[in-house]
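Input: a single structure, listed below in C-alpha cells.
Every number here is computed from the coordinates shown, using simple stated rules; none is lab data. Because the structure is predicted, anything quoted here is derived from the model rather than measured. Using ideal geometry, Cβ is built from the backbone for each residue, glycine included, and neighbour counts are taken over all protein chains shown.
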Amino acid sequence: MSEGRGRLAAYWERQQERLDELERKRALRLPAWRTRKRRRTLSVLVVAGDLMLIGGAVFYQTGQTEAFLVGWLGGGVVAGGAQYLLRILTGKMSGGFSMRLDEREREMRHRVTYVSYQILVTMMLFAVVYSLLVPGPKGGGAMMACALLVAGTTVPVVILGWSLPDDDPEDFEGVPPV
C-alpha cells in the first residue's frame, strides 16, 4: 500500500514539473501583447464571438440555415481564437492549479470563479426558459443551451483579461518579441 502511494506521489511530482515547464514556456510567449489594452481587446473579441454563437442559435431556431452557420462557425472561430490568446496572456491564473498561485492571484481567481459561476447559472436558466417558450425546430433549445454554455465558460478568462493590470516589463527583459 505504501509503495503504491510512493509511486503515485512520484507520478504527481513529475506531472507538476511538466506543468511548471509548460507554464514557463507559455509565460514568455507574446511579451509585446501583455498590456491591459491588448487583453481588453481580446476580451471584447471573445464576447463578440460568444454573441455570434448565441445569434447563430437564434437563427437556427428561426430556420435560417446560412445565417446559423455563419454565426455558429464564425463565433466559434472568433471566440475560440481570442480565448486561446487571452489564456496565454492571463497565464496560470486562468488555468493553473490553485497551489501554484500566490495569495493575491488565488484570491482574484476565487472571486472570478464565483462571479463566473453565478453568470453561468443565470445563462442556463435563460436557456431553459428559452427552450420552453420559443417555438421552433426540434433541438433549438439545445442549440441555445450549447451557445450559452460555451459563452459561460469563457467568462472567467474574459474577466481576468479585462481586470488584470499590465505585466511588469522587467519580467521580459532579454526575451525576443514574438
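Assorted remarks:
- Mean separation of Cα contacts under 8 Å, 6 or more apart, over the residue count of the stretch 25-143: relative contact order %: 28 percent
- Most tightly packed first, judged by the mean number of other beta-carbon atoms within 10 Å of their residues, the peptides 70-82, 107-119, 42-54 read 42-54, 70-82, 107-119.
- The label-point distance for Leu22 and Val134, in a model that sets each label 7 Å from Cα toward Cβ, rounds to 3.6 nm.
- Extension gain, Val70-Phe126: 0.36 nm per intervening residue step, less the Cα-Cα distance, totals 17.9 nm.
- Between the helical axis of 36-62 and the longest alpha-carbon principal axis of the chain there is an angle of about 30 degrees.
- Value in Å of the Kirkwood radius, where the chain supplies the Cα pairs that are averaged: 18.4 Å
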